[in-house]
Ligand code: CO
């Protein structure tokens, strides 16, 4: 059911210093931070030959990554995103398998303008999984 790895998201305290690390030390192609107020994050997109990395910096009061950074003050891997062909069919299949879909179970429009869903990390080896319709 799952297809390509779309991205790995890393929560960071400071997008500027994390960007400098990826651009300078790791020599990657790094975007400017892009504010996404609807999602409570600033996002830096890093293009790799086979996938993307997204650096997520908290934006605003109730950022969804605020609590994560309280628990992980140095930052850390926040989620991985797999592509699926049909997000509603994927959701229904997962629910039938007993997996928990976060929120109200309806896809939201994610950082790339495509429908996304998140799956409970406790059901997937402690890893928050995002599904994005390809
Ligand atoms: Co994501």
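The values are calculated or read from the model by the stated rules, or taken from the named source; none is laboratory data. All figures in this text were calculated on a predicted structure; none of them were measured in a lab. A quick note on method: Cβ atoms are made from the backbone with ideal geometry, for glycine too, and the neighbour counts reach across all protein chains shown.
For the reader, a short list of remarks on this structure follows.
- Candidates 55, 102: the one that is under 12 Å from the mean Cα position of the chain (by Cα), within 15 Å of the ligand (Cβ to nearest atom) and either at pLDDT 95 or above or under 22 Å from residue 26 (Cβ atoms) (or both) is 55.
- Residue in the stretch 117-130 that is under 17 Å from residue 1 (Cα atoms) and in contact (Cβ under 8 Å) with a residue 60 or more places away in the chain present: yes
- Test: residue in the stretch 11-33 that is assigned to a strand (DSSP E or B) and surrounded by fewer than 13 Cβ atoms within 10 Å (Cβ to Cβ): yes
- Here the strands (runs of 3 or more DSSP E) wholly within the stretch 37-134 that include at least 2 residues being within 16 Å of residue 10 (Cα to Cα) are 41-47, 52-58, 76-84, 129-133.
- Selection over the stretch 120-134 of residues that are touching a helix residue (DSSP H, G or I) at 6+ places or on another chain (Cβ under 7 Å) and closer than 14 Å to residue 108 by Cα gives a count of 2.
- For first residues located in the stretch 69-89 and at negative phi, partners that are away from the ligand (no atom under 14 Å from the Cβ) and in a strand (DSSP E or B) and lie 6+ apart or on another chain with Cβ distances below 8 Å form the pairs 69/58.
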